[in-house]
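To start, the structure under review is shown below, and the notes come after it.
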Amino acid sequence: MLLLHIYKSGINIKKGGEILRRIVTESLARTLGPGQEPDDYKTRLLKYVPAETNTLYVTLMGAVHTAEKELPAESVAEIPFSTIMWLIFIGCFVVNILYMWRIAKETNPIRLGISTGAYVVWAIALGDVVATISGWYEFYGTIILGFYTVAAGLYIGK
């Protein structure tokens, strides 16, 4: 159902055979031709969320959690899982910037920042990495995610 919504909301816009995942602003809509409308709030919000990076993050964190459960206890004690989780978080941060810039062709630094911020907030809301921080409670991430989600789609750009 979500994929159908993404398709109907214009996430992938074809122009000359190229598939774009950029935010369609009023000026871009004019460039794309008649009938192309600028993205509404919901569509902008969907495009800002870096699904590819989030999928990578969840997959790698899942592998870490599986290793924690399935490896023998003496091996688990020797593996720096906290460090590995932080490296995954930082690696996905870098991958997100490169993906949005090189593959999704996002050149607007503000929208690139919003998308990267969406990854960070989303990862924080999952709680894997921040659980290693003393005094952090999971509900903090949920609160941050709620505010960020509402605020992120407000930026329209030119």
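Looking at GLY117, GLY127, just one residue is closer than 18 Å to ALA51 by Cα and modelled with pLDDT of 90 or more, and that residue is GLY117. Taken together, the residues in segment 47-80 that are assigned to a helix (DSSP H, G or I), closer than 20 Å to TRP122 by Cα and not small (Gly, Ala, Ser) amount to 14.
Checked against the criterion of being in contact (Cβ under 8 Å) with a residue 12 or more places away in the chain and not acidic (Asp, Glu), the candidates LEU112, LEU98 yield just one match: LEU112.
Checked against the criterion of being among the polar types (S, T, N, Q) and within 22 Å of LEU46 (Cβ to Cβ), the candidates SER82, SER134, SER115, SER75 yield just one match: SER115. Across segment 83-117, the qualifying residues are those that are within 30 Å of THR25 (Cβ to Cβ) and among the polar types (S, T, N, Q), and the one among them that is surrounded by the fewest Cβ atoms within 10 Å (Cβ to Cβ) is THR107. Looking at GLY141, GLY153, just one residue is modelled with pLDDT under 90 and in contact with a Leu (Cβ under 8 Å, 6 or more places away or on another chain), and that residue is GLY153.
Just name the residue that is surrounded by the fewest Cβ atoms within 10 Å (Cβ to Cβ) out of those in segment 118-158 that are part of a helix (DSSP H, G or I), touching a residue at least 24 places away in the same chain (Cβ under 8 Å) and of a type in the set (Val, Ile, Thr). Per the criteria, the residue is THR132. Within segment 27-67, if we keep just the residues that are aromatic (Phe, Trp, Tyr) and under 14 Å from the mean Cα position of the chain (by Cα), the residue that is nearest to GLU106 (Cα to Cα) turns out to be TYR48.
The values are calculated or read from the model by the stated rules, or taken from the named source; none is laboratory data. These numbers were taken from a predicted model, which means no experiment stands behind them. Here Cβ is always computed from backbone atoms with ideal geometry, including for glycine, and neighbour counts include all displayed protein chains.
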